[in-house]
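A.B. asks: Pasting a structure below so you can have a look.
The values are calculated or read from the model by the stated rules, or taken from the named source; none is laboratory data. Just so we're clear, the structure is a prediction, and the values are computed from it rather than from any experiment. Note that each Cβ is placed from the backbone with ideal geometry, even for glycine, and that neighbours are counted across all protein chains shown.
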Amino acid sequence: TKSFFEKHLKLLKSKVDACYEKYDSSNSVLDKADLRIARNEYRAAIDEAKKALNDERIANSPNPQRTLWQLINANRESSKSKNVASENITATQFNEFFTSIAHKLVDRLPIPNRDPLNFISTSNEVFSFHKVNCNDVCSAVKSLKNCGGSDLYGINTRIVKSVIGNLLNPLTYLINLCIEKGEFPDVFKRAIITPLFKKGDKDLLENHRPIAKLPI
């Protein structure tokens with residue numbers, strides 16, 4: 001039974017991927033409907049596979065009642081899980097959607113008849129960066145909000161504030177080096193993107209929004 005469901009689910013997942021690629025390239029209403037049908041079939045098959053596996057666990061358990069309650073508690077939907085993205089959409093599909101959506105929106109915008117620069121007033125003011133000192137850096141760090149959540153590298157503002165005395169000199173040196181070289185470190189250009197479900201059909205990419213976890 002397990003082998004059957006594994007093969008069946010793989011076939012349905014391949015069908016979903018094919019429908020998604022077709023809809024992504026055509027943006028057709030009919031292809032979108034086919035994609036929704038394929039995903040519903042895949043989701044229903046997953047539910048059937050889970051039911052069959054649970055039935056097998058209960059039947060083979062020395063304590064069926066205890067196993068039943070373990071399965072019930074494990075499958076209870078918590079309040080947080082309501083915003084979790086669909087398991088039927090891969091990370092690659094989310095990445096392609098989030099990175100291409102801006103270009104698609106720009107392509108839909110009408111071409112202006114006038115140069116947008118004509119609406120901007122000119123200024124003779126000159127802006128330039130200047131080096132910072134340890135007092136500047138210390139004040140900037142202390143002004144950060146206290147947050148228990150960690151950043152991309154597992155660091156939070158509480159940790160930085162608690163050890164700023166030891167970090168002040170090297171941190172100031174690195175900041176001034178960035179200003180002098182005119183470069184921003186690549187490690188600070190990275191982010192972890194988490195898809196957050198909004199509302200509607202959970203299996204449609206457009207019903208999710210990206211949440212970025214950045215370095216401090």
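A.B. asks: Being of a type in the set (A, V, I, L, M) and more than 15 Å from Leu205 (Cβ to Cβ) is the filter here, so list the residues in segment 34-52 that pass it. Steps first, answer last, please.
C.D. replies: Narrowing segment 34-52 to residues of a type in the set (A, V, I, L, M): 35, 37-38, 44-46, 49, 52.
Within segment 34-52, Ile37, Ala44, Ala45, Ile46, Ala49, Ala52 meet the criteria.
A.B. asks: Suppose we filter Pro185, Pro215, Pro170, Pro210 for residues that are within 30 Å of Arg36 (Cβ to Cβ), out of contact with any Lys or Arg (no Cβ under 6 Å at 6 or more places or on another chain) and not hydroxyl-bearing (Ser, Thr, Tyr); which single one remains?
C.D. replies: Working: Pro185 fails: within 30 Å of Arg36 (Cβ to Cβ); Pro215 fails: within 30 Å of Arg36 (Cβ to Cβ); Pro170 fails: within 30 Å of Arg36 (Cβ to Cβ).
Sole residue among the options that is within 30 Å of Arg36 (Cβ to Cβ), out of contact with any Lys or Arg (no Cβ under 6 Å at 6 or more places or on another chain) and not hydroxyl-bearing (Ser, Thr, Tyr): Pro210.
A.B. asks: From Asp151, Asp107, grab the single residue that is surrounded by 10 or more Cβ atoms within 10 Å (Cβ to Cβ), over 30 Å from Ala45 (Cα atoms) and either more than 20 Å from the chain's Cα centre (by Cα) or modelled with pLDDT of 85 or more (or both). Don't jump to the end; show me each part of the working.
C.D. replies: Values: Asp107 fails: surrounded by 10 or more Cβ atoms within 10 Å (Cβ to Cβ).
One residue alone meets the criteria, Asp151.
A.B. asks: What's the number of the condition Asn146 fails, among (1) surrounded by fewer than 10 Cβ atoms within 10 Å (Cβ to Cβ); (2) farther than 30 Å from Asn207 by Cα; (3) over 29 Å from the mean Cα position of the chain (by Cα)?
C.D. replies: Unmet for Asn146, out of (1) surrounded by fewer than 10 Cβ atoms within 10 Å (Cβ to Cβ); (2) farther than 30 Å from Asn207 by Cα; (3) over 29 Å from the mean Cα position of the chain (by Cα): (3).
Yes or no, residue by residue, for (1) in contact with a helix residue (DSSP H, G or I) (Cβ under 7 Å, 6 or more places away or on another chain); (2) charged (D, E, K, R); (3) at negative phi:
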position: Gly154; (1), (2), (3): no, no, no
position: Leu171; (1), (2), (3): yes, no, yes
position: Ile175; (1), (2), (3): yes, no, yes
position: Phe184; (1), (2), (3): yes, no, yes
position: Lys189; (1), (2), (3): no, yes, yes
position: Thr194; (1), (2), (3): no, no, yes
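A.B. asks: Go through Arg57, Arg39 for me and flag whichever is in contact with an Asp or Glu (Cβ under 7 Å, 6 or more places away or on another chain), closer than 30 Å to Leu12 by Cα and not assigned by TED's automatic domain parsing to the domain that holds Val160. Write out each step before concluding.
C.D. replies: Details: Arg57 fails: in contact with an Asp or Glu (Cβ under 7 Å, 6 or more places away or on another chain).
Within the list Arg57, Arg39, the selection yields Arg39.
A.B. asks: Okay, next question. Can you tell me which residue within segment 67-91, out of those that are within 15 Å of Arg209 (Cα to Cα) and at pLDDT 80 or above, is surrounded by the fewest Cβ atoms within 10 Å (Cβ to Cβ)?
C.D. replies: This residue is Ala91.
A.B. asks: Can you pull out every residue in segment 23-67 that is small (Gly, Ala, Ser) and either touching a residue at least 24 places away in the same chain (Cβ under 8 Å) or touching a helix residue (DSSP H, G or I) at 6+ places or on another chain (Cβ under 7 Å) (or both)?
C.D. replies: Initial filter on segment 23-67 (small (Gly, Ala, Ser)): 25-26, 28, 33, 38, 44-45, 49, 52, 59, 61.
Scanning segment 23-67 gives Ala38, Ala45, Ala49, Ala52, Ser61.
A.B. asks: Continuing with the same structure: Of all residues in segment 114-148, which are not in a loop (DSSP other than H, G, I, E, B) and not β-branched (Val, Ile, Thr)?
C.D. replies: Scanning segment 114-148 gives Pro116, Leu117, Asn118, Phe119, Cys134, Asn135, Asp136, Cys138, Ser139, Ala140, Lys142.
A.B. asks: Continuing with this model, one more query. Considering only residues that are of a type in the set (A, V, I, L, M) and surrounded by 11 or more Cβ atoms within 10 Å (Cβ to Cβ), which ones fall in segment 164-191?
C.D. replies: Pass one, segment 164-191, residues of a type in the set (A, V, I, L, M): 164, 167-168, 171, 174-175, 177, 179, 187, 191.
Once the filter is applied, which keeps residues that are of a type in the set (A, V, I, L, M) and surrounded by 11 or more Cβ atoms within 10 Å (Cβ to Cβ), segment 164-191 yields Ile164, Leu167, Leu168, Leu171, Leu174, Ile175, Leu177, Ile179, Ala191.
A.B. asks: Shifting gears a bit: Cβ-Cβ distance below 7 Å, separation of 6 or more or different chains: which pairs start in segment 202-213 with a residue that is farther than 17 Å from Glu87 by Cβ and end on one that is small (Gly, Ala, Ser) and surrounded by 14 or more Cβ atoms within 10 Å (Cβ to Cβ)?
C.D. replies: Cβ pairs passing all conditions: Ala212/Ala191; Lys213/Ala191.
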